[in-house]
Amino acid sequence: MAFSKSFLPLLVMLLLACSVQAQLVPDFYKSTCPRLQRIVRSATKEAIDKDPIMGAAMLRLFFHDCFVTGCDASVLLDDTPTSVGEKGSPANFNSLRGFEVIDYIKARVEAACPATVSCADILALAARHSVSVLHGPRWQMPLGRRDARTAASLFEAIANLPPADMEVPGLIVIFASKGLDAKDMVALSGAHTIGETRCSVYRSRIYNDNNVDPNFAAIRKNNCPPFGDDNKWTPLDLQTPTRFDNKYYRNLLGGRGILHSDQALYGGGQLDSLVKLYSANNSAFFADFALAMTKMGNISPLTGANGEIRLNCRKPN
């Protein structure tokens, strides 16, 4: 087949794009680190057995990493005396947890396969196995990411992480900028079926919102007075806070979403049908969540000659 000269540059670009995406495959470490999956799952389960909240922490770390400059483990980099990065952003400071768990998993992986597996892939697998350990869906996580050499800026984190008081139109815009549609957004929001949140994040909802169940608000106010400790933690789902299930969506139907941005997904808008579907059909939620997680894991990964394989996830080599 013959191609015109004007078409050749486009063809080259398409082939390069395909080759980059092709590097992310589930069996990327099949020959170089065959025990990787078992090591990460075992270490993740060990951490969750000690502290059930660590499952949600791993999932949130992965989300916050991918949404700011892509899935490159930049969120794991410590701030320096001259630079405040992602860890210091309002959405992350004194909020993200589990860095020591990633350090522990990384140490075990390094012992088995030195200088082979990226922190970005370890974080992706820890998130995947956390969901599985907490009785959620399983899926194959494409691998082959490399690690960023620098953290994203504080301002990049602020611009790309949706705040807890955001309305649906804003949420859709942010998710769309990452290649994720409204269905992905609603499915990924179901991650709030596990984990905890701070009083400062949900105080305004239980005291000021009109679409909140009064009994639910009263219970939450016991742990979050109008003035007091902003950092008091409470489960996102009071019923099954350490089990990955579809209770999150059932809570939304009853006005019991703890975050304003959660409850905004249901209440006479365009996303109601998805919330109703997932609340009634756990299998549908699991299937769509797994697909959305796979898509999220493909947000701007560093591959091939880009980035590095960090030996310490907290600092560049």
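The values are calculated or read from the model by the stated rules, or taken from the named source; none is laboratory data. These numbers were taken from a predicted model, which means no experiment stands behind them. Using ideal geometry, Cβ is built from the backbone for each residue, glycine included, and neighbour counts are taken over all protein chains shown. All accessible areas refer to the heavy atoms of the entire protein, side chains included, with ligands and DNA or RNA removed. Shrake-Rupley method; radii C 1.70, N 1.55, O 1.52, S 1.80 Å.
The residues of segment 187-215 that are closer than 21 Å to N246 by Cα and either outside any helix (DSSP H, G or I) or of a type in the set (A, V, I, L, M, F, W, C) (or both), listed by number, are A187, L188, A191, I194, G195, E196, T197, N211, V212, D213.
Restricting segment 133-151 to residues that are small (G, A, S) and at pLDDT 95 or above, the residue that is nearest to the chain's Cα centre (by Cα) is G136.
Table: residues versus (1) open to solvent by less than 10 Å² (accessible area, probe 1.4 Å); (2) under 15 Å from A56 (Cα atoms); (3) touching a strand residue (DSSP E or B) at 6+ places or on another chain (Cβ under 8 Å).
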residue: C199; (1), (2), (3): yes, no, yes
residue: S204; (1), (2), (3): no, no, no
residue: D209; (1), (2), (3): no, no, no
residue: D237; (1), (2), (3): yes, yes, no
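The set of residues in segment 111-134 being in contact (Cβ under 8 Å) with a residue 60 or more places away in the chain and surrounded by fewer than 16 Cβ atoms within 10 Å (Cβ to Cβ) consists of A112, A115, T116. Condition check: of a type outside the set (V, I, T) and within 25 Å of I48 (Cα to Cα). Does D103 satisfy that? Judged against the criteria, D103 is a match.
Screening A164, A159, A152, A218 for residues that are of a type outside the set (S, T, Y) and in contact with a Phe, Trp or Tyr (Cβ under 8 Å, 6 or more places away or on another chain) leaves exactly one candidate, A164. A count restricted to segment 25-47 and to residues that are open to solvent by 60 Å² or more (accessible area, probe 1.4 Å), in contact (Cβ under 8 Å) with a residue 12 or more places away in the chain and in a helix (DSSP H, G or I) stands at 3.
Of the helices (runs of 4 or more DSSP H) that lie entirely inside segment 258-317, those containing 1 or more residues that are open to solvent by less than 10 Å² (accessible area, probe 1.4 Å) and more than 23 Å from Q140 (Cβ to Cβ) span 260-263, 272-280. Across segment 152-161, the qualifying residues are those that are under 22 Å from R198 (Cα atoms) and buried (at least 17 other Cβ atoms within 10 Å of the Cβ), and the one among them that is modelled with the lowest pLDDT is L154. When R97, R108, R146 are screened for being in contact with a Ser or Thr (Cβ under 7 Å, 6 or more places away or on another chain), in contact (Cβ under 8 Å) with a residue 24 or more places away in the chain and open to solvent by 20 Å² or more (accessible area, probe 1.4 Å), only R146 passes.
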